[in-house]
1. Out of curiosity, is A29 surrounded by 10 or more Cβ atoms within 10 Å (Cβ to Cβ), on the phi < 0 side of the Ramachandran plot and at pLDDT 80 or above?
2. Within the set of pairs 6 or more residues apart or between chains, which connect a residue that is closer than 17 Å to V41 by Cα inside segment 6-30 to a residue that is surrounded by fewer than 13 Cβ atoms within 10 Å (Cβ to Cβ) with Cβ atoms less than 7 Å apart?
3. So which of I64, I75, I3 is at pLDDT 95 or above and either among the basic types (K, R) or not in a helix (DSSP H, G or I) (or both)?
4. With the requirement that a residue be part of a helix (DSSP H, G or I) and more than 12 Å from M1 (Cα to Cα), what does segment 14-41 give you?
5. Looking only at segment 47-58, decide whether some residue is at pLDDT below 85 and part of a loop (DSSP other than H, G, I, E, B).
Amino acid sequence: MQITLTEFSQHLPVYLEQVLAGQELLLMAQDKIVARLLPQVDHQQIARAQLQKLQQQCQIGDVISSLAEAWEVQI
């Protein structure tokens, strides 16, 4: 969403709530984008969600060979 700096400053709480809800704001001055306001990304939460998804698809412990050993592959 694009808004002017004046509009943003006059309705700051409303626009901050929109950012907290996940919306991106582009702040305009003289018909040019001067800033972009993005919601904070919790990288730890995203990584945990991805690991939980992988946990449903993978079984840990099925590889028992040491990394130092040479592996034989049969094709």
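The values are calculated or read from the model by the stated rules, or taken from the named source; none is laboratory data. All values reported here derive from a predicted model rather than from experimental measurement. Glycine gets a Cβ as well: all are built from the backbone with ideal geometry, and neighbour counts include every protein chain shown.
1. It is true that A29 is surrounded by 10 or more Cβ atoms within 10 Å (Cβ to Cβ), on the phi < 0 side of the Ramachandran plot and at pLDDT 80 or above.
2. Sorted first by the residue in segment 6-30, then by its partner, the pairs are Q23/M1; E24/R36; E24/L38; L25/M1.
3. I3
4. V14, L16, E17, L20
5. yes
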